[in-house]
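Working notes, structure below.
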Amino acid sequence: MEHSHGVDAESRSHPAGILVSDEDRQRAQQIRSVVRECGVHPIDSPVPAFDDARDRPSAALVFLSGEAPDATSLGLIQRLAREHVPVLAYGENADCWSLGARCRALLAGACAVLDSSAPGFAGELGAKVAHVLAIEAEHRRQKEHVRTTFERLGIVGVSQAMIGIFHQTLRISALSDLHTLITGETGTGKQLLAEAIHGLDAKRRDGPFVALNCGAISAGLAESELFGHRRGAFTGADRDRRGLIRAAEGGVLFLDEVGELDLALQTKLLRVLQEGRVLTVGDDREVPVSVRVVAATNRPLEDMVRERTFRADLFHRLNVLSIHIPPLRERLDDIEALVWHFLQKNAALGSRRAALVSPEFVAALAEHELPGNARQVENLVRRAIVHKDDEGPLALADLPPEIWARVSERSAADQAAPPGGLSDAATPDAAYLSRVLVMNDWNLSRALASCERSLVETALRAASGNQSQTARLLGITPRSVYNKIRKHRLAASEP
Ligand SMILES: Nc1ncnc2c1ncn2[C@@H]1O[C@H](COP(=O)(O)OP(=O)(O)OP(=O)(O)O)[C@@H](O)[C@H]1O
Ligand SMILES: [Mg+2]
């Protein structure tokens, strides 16, 4: 592809600089020259805002003052580590610090604590920086390889979340005999990912990919559709039918909207998954089949299991390997890459060739909630291409008026709301609440859920991930904290 996705293309071509955080001018000078000797340019603090992946330094060198590392520097290390920036910490006489003091720096996320007053400090720092840069370069190379592998399969993504999914998919696709569950909201690319698993599975990629939308067939027809029937098995069965499971022999059976499958069929399907055998309707002997089932759902199957509308044993069979694709609003970095991808994919729709995208087009989409996820982005790009009557880049004016309305509403709400979001410590004000409601399509239960998510996340952070402490802070049981972490898919560390 000749275009640049912006986000990653930049950081791919040359390493970003190394952040140096040290208030002592002379020592900072020395550190900067070590950095330059490693072939990288030093960046002085203040630390960039990280709003954009391009602002992320390749590594950071942070001075820790005093016998015990100070809270400000530890906070900085934590923030950098959260952004996946490797941090090397150093301090005067650090080799003589207590073990506890050095552990605090490592706990905050530093990869090493060096002693800046030791005689070989510059050499040691240079070697460590070179090592960190080599690892970073290898990561970048791997990330790029994975990204292009998936781009070839028609899946684009540059966010940490999608790169993580790509790695997970590569691992999962090699496990050809295990079934897989893909979860995610509508339009997040579940079917696309199922096809990728098939394409990457060396044992099955030459076999068929057979898809069935479980929500689109009637319960009466579903059994013979899936399991096949013998001629005469029921009225109207005037010839033998193999059924989709056997049609997928040697390949992948994709069960879309698996939550819609009725309970009787779930039982029969479980048998296929457990025994690798299928019983055709009207037959008295099972026949062996070798299929990998990849199921997808946008419904919470765990809840359905609790409500007994989905079999627990089938759920566990499918869930052995599972991939969750987060909604686009949680991976805004992907919007730009998707827009470029859909522009190229749908270029033939337009009478005039729009080859570029303006940043405001991408920014407006990022402001919108996009409940239809990537599918909605594709529809909006298509619409823009079709309506375009000049050759300029896709621009704000090429988006539909409801998006302009949403963006203007949100910016009005942002202006009215104070920066922290809350007017005083206890009571959220009207502008903040209206922003939460607008963000959630004025849907009360979604708005409450999004408030709950923020509150639990804040409490978890305050308790450094300790769930029992979070429970005490929130006045709920540790079990409820655990459930809420799962419900909102928050990253949690065990107490
Ligand atoms: N990461 C992506 N890269 C490129 N195209 C994508 C991506 N995600 C989704 N799409 C495109 O968006 C559309 C919807 O994707 P898909 O049908 O796989 O979603 P889904 O999760 O199965 O949705 P549903 O739950 O509604 O069935 C398709 O045209 C697909 O090609
Ligand atoms: Mg689908």
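Where a number appears in this text, it was derived from the coordinates with a stated rule and is not lab data. Treat the numbers as computed from the prediction; the structure is a model and nothing was measured. Neighbour counts are summed over all protein chains in view; Cβ atoms, including those assigned to glycine, are modelled from backbone coordinates with ideal geometry.
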Output the relative contact order of the chain, whole-number percent, from Cα pairs under 8 angstrom with separation of 6+ residues. 10
Least to most buried among PHE254, PHE150, PHE315, by other C-beta atoms within 10 Å and fewest first, runs PHE315, PHE150, PHE254
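Quote the FRET efficiency, to the nearest 0.05, computed for GLU391 versus LEU448 with a Förster distance R0 of 56 Å and r equal to the Cβ-Cβ distance. Display every interim value, and only then the final one.
Numbers: r = 47 Å, r/R0 = 0.83.
Rounded to the nearest 0.05, the efficiency is 0.75.
Could you tell me which helices of the chain pass both thresholds, a Cα extent of 24 Å or more along their own axis and a mean Kyte-Doolittle hydropathy of at least 0.5, with helices taken as whole DSSP H runs? Intermediate values should be presented prior to the final figure.
Numbers: long enough: 121-152 (46 Å, -0.60); 444-462 (27 Å, 0.29).
Answer set is empty.
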Using alpha-carbon positions, the gyration tensor of region 179-280 gives root eigenvalues a ≥ b ≥ c; with a/c under 1.5 called rounded, otherwise prolate if a/b exceeds b/c, else oblate, the class is prolate
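For region 212-255, what class follows from the C-alpha gyration tensor (a ≥ b ≥ c being the square roots of its eigenvalues): rounded when a/c is under 1.5, otherwise prolate if a/b is larger than b/c, else oblate? Mind dumping the intermediate values first?
Details: a/c = 3.89, a/b = 1.35, b/c = 2.89.
Verdict is oblate for region 212-255.
Multiplying the sequence separation of ALA219 and HIS167 by 0.36 nm and subtracting their Cα-Cα distance, what value in nm do you get? Show your work: numbers first, answer last.
On the way: separation 52, 0.36 × 52 = 18.72 nm, distance 3.67 nm.
Computed gain between ALA219 and HIS167 is 15.1 nm.
Of the peptides 190-196, 233-239, 29-35, how do they stack up when ordered by the mean number of other Cβ atoms within 10 Å, highest first? If you can, show how the numbers build up before the last one.
On the way: 190-196: 21.1, 233-239: 10.6, 29-35: 18.4.
With the highest mean Cβ count within 10 Å placed first, the list reads 190-196, 29-35, 233-239.
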Just the number: Rg to Rh for region 79-217, Cα atoms, Kirkwood Rh, two decimals. 1.19
Stretchable slack from ARG231 to GLN142, in nm (0.36 nm times residue separation minus alpha-carbon distance): 26.7 nm
Exposure proxy check on ARG406, ARG306: fewest-to-most Cβ neighbours within 10 Å is ARG306, ARG406
Where does the chain land at 222 nm, in deg cm²/dmol rounded to the nearest 500, when only DSSP H runs of n ≥ 4 count, each adding -39500 (n - 2.57), divided by all residues? -15000 deg cm²/dmol
GLU330/GLN29 FRET efficiency (R0 35 Å; Cβ-Cβ; nearest 0.05): 0.25
Likely footprinting exposure, LEU380, LEU170, LEU444, fewest C-beta neighbours within 10 Å first: LEU444, LEU170, LEU380
May I ask you to give the average projected area over all directions of the convex hull of the Cα atoms of the chain, in nm² rounded to one decimal? 29.4
To the nearest 20 debye, what charge dipole does the chain have about its Cα centre, counting +1 at the Cβ of each Lys and Arg and -1 at the Cβ of each Asp and Glu? 1440
Sort 178-185, 466-473 for me by packing, meaning the mean count of neighbouring Cβ atoms within 10 Å per residue, highest on top. 178-185, 466-473
